[in-house]
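Asker: After the structure tokens below, expect a handful of questions from me.
The values are calculated or read from the model by the stated rules, or taken from the named source; none is laboratory data. Small disclaimer: the values here were computed from a predicted structure and weren't measured. Cβ sites come from the backbone with ideal geometry, for glycine too, and all protein chains shown count toward neighbours. Quick note on the areas: whole protein, heavy atoms, side chains included, nothing else; ligands and nucleic acids left out. Shrake-Rupley method; radii C 1.70, N 1.55, O 1.52, S 1.80 Å.
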Amino acid sequence: MARRRRKSKSGKWVGRVLTAVLALPALYLTAALIGSLIPVNRGWTEPAEGTTIYIADNGIHTDIIMPVEAQGLDWRRLVPQSDTAAAPPNAQWIAFGVGERAVYLNTPRWQDIRVPIVARALTRGERIVHVEWVGTPDYALRQLRLRPEEYRRLWAAVRASFRDSRPRRIAHKGYGLADAFYEGVGRANAINTCNQWTADRLRLAGVRTSLWSPFDNGLTWRYRRTND
């Protein structure tokens, strides 16, 4: 009888552990939904005039697209086009995004992703910065205007995402002719995702954004469509 009770108790513990494991995704999705609905910088309103930036979204990952030069700030001094294979010399826009090192460098296609890479990205991955020179931002889904001081704060927040005072390029061929990777700061995990980085930059700029948005659509819904 005692042996049966011990087995029964161990079975209950296994069941509880399995229930907890299965509940984690649901809890994560619920928290993401709540976080995407809670705003920060509640008092912010989009100005009628200002510097326009864009948010690009491929359905999973977001980038911030900024003018190469605006408000007296020029990205060419920090991330020269010579870091790329052949960026268009007349590019007027530049896109920034962060991601986990292995995901960015080793999975140029979604089908290249493997379970160990995903596990690392969700737990203790290393952040790096992806920079791409853009001819036109028309592919971006969302846009917003910033006041001069807001744009400068955004510029500084993006700048702070590079590890060194002089951004250090990673020896990688990039995804195309107009992009490059640089050493970043911080860790990537299920809380600090690439989309949360975008939200954090906007928050630091003083823009109304979502408290926590690990997924792209938890952030992008707040801003105007590019064609509006």
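Asker: Please pick out the residue among 150, 183, 132 that is closer than 19 Å to residue 62 by Cα, open to solvent by less than 30 Å² (accessible area, probe 1.4 Å) and at pLDDT 95 or above. Explain how you work it out, then say what you get.
Answerer: On the way: 150 fails: closer than 19 Å to residue 62 by Cα; 132 fails: open to solvent by less than 30 Å² (accessible area, probe 1.4 Å).
Criteria check complete, one pass: 183.
Asker: Of all the strands (runs of 3 or more DSSP E) wholly in the range 87-152, which have at least 3 residues that are closer than 26 Å to residue 169 by Cβ? Spell out how you get there, then give the answer.
Answerer: Working: elements: 93-100, 125-134, 142-146.
Correct list: 93-100, 125-134.
Asker: Could you please give the count of residues in the range 42-66 that are among the acidic types (Asp, Glu), in contact with a Leu (Cβ under 8 Å, 6 or more places away or on another chain) and crowded, with 19+ Cβ neighbours inside 10 Å?
Answerer: Quick first cut of the range 42-66, residues among the acidic types (Asp, Glu) only: 46, 49, 57, 63.
Going one step further and asking which of them are in contact with a Leu (Cβ under 8 Å, 6 or more places away or on another chain), we end up with 46, 57.
Filter once more, so that each one left must be crowded, with 19+ Cβ neighbours inside 10 Å: 57.
Within the range 42-66, residues that are among the acidic types (Asp, Glu), in contact with a Leu (Cβ under 8 Å, 6 or more places away or on another chain) and crowded, with 19+ Cβ neighbours inside 10 Å number 1.
Per-residue answers, yes or no, for (1) open to solvent by 60 Å² or more (accessible area, probe 1.4 Å); (2) farther than 23 Å from residue 195 by Cα; (3) of a type in the set (Asp, Glu):
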position	(1), (2), (3)
68	no, no, no
78	no, yes, no
92	yes, yes, no
106	yes, no, no
122	yes, no, no
125	no, no, no
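Asker: Would a scan of the range 28-47 turn up a residue that is farther than 18 Å from residue 202 by Cβ and assigned to a loop (DSSP other than H, G, I, E, B)? It would help to see each step written out before you state the result.
Answerer: Within the range 28-47, the subset farther than 18 Å from residue 202 by Cβ is 28-31, 33-34.
From what's left, assigned to a loop (DSSP other than H, G, I, E, B): none.
So far as the range 28-47 goes, no, none of its residues is farther than 18 Å from residue 202 by Cβ and assigned to a loop (DSSP other than H, G, I, E, B).
Asker: Sticking with this structure for a sec: Working carefully through the options 120, 101, 76, find the one that is farther than 28 Å from residue 154 by Cβ and not hydrophobic (A, V, I, L, M, F, W, C). Working first, answer last.
Answerer: Numbers: 101 fails: farther than 28 Å from residue 154 by Cβ; 76 fails: farther than 28 Å from residue 154 by Cβ.
Checking each option against the conditions leaves just 120.
Asker: Residues in the range 58-72 that are under 10 Å from the mean Cα position of the chain (by Cα) and not in a loop (DSSP other than H, G, I, E, B): how many? Outline the logic, then answer.
Answerer: Quick first cut of the range 58-72, residues under 10 Å from the mean Cα position of the chain (by Cα) only: 60-64.
From what is left, the residues that are not in a loop (DSSP other than H, G, I, E, B) are 62-64.
Residues meeting the conditions: 3.
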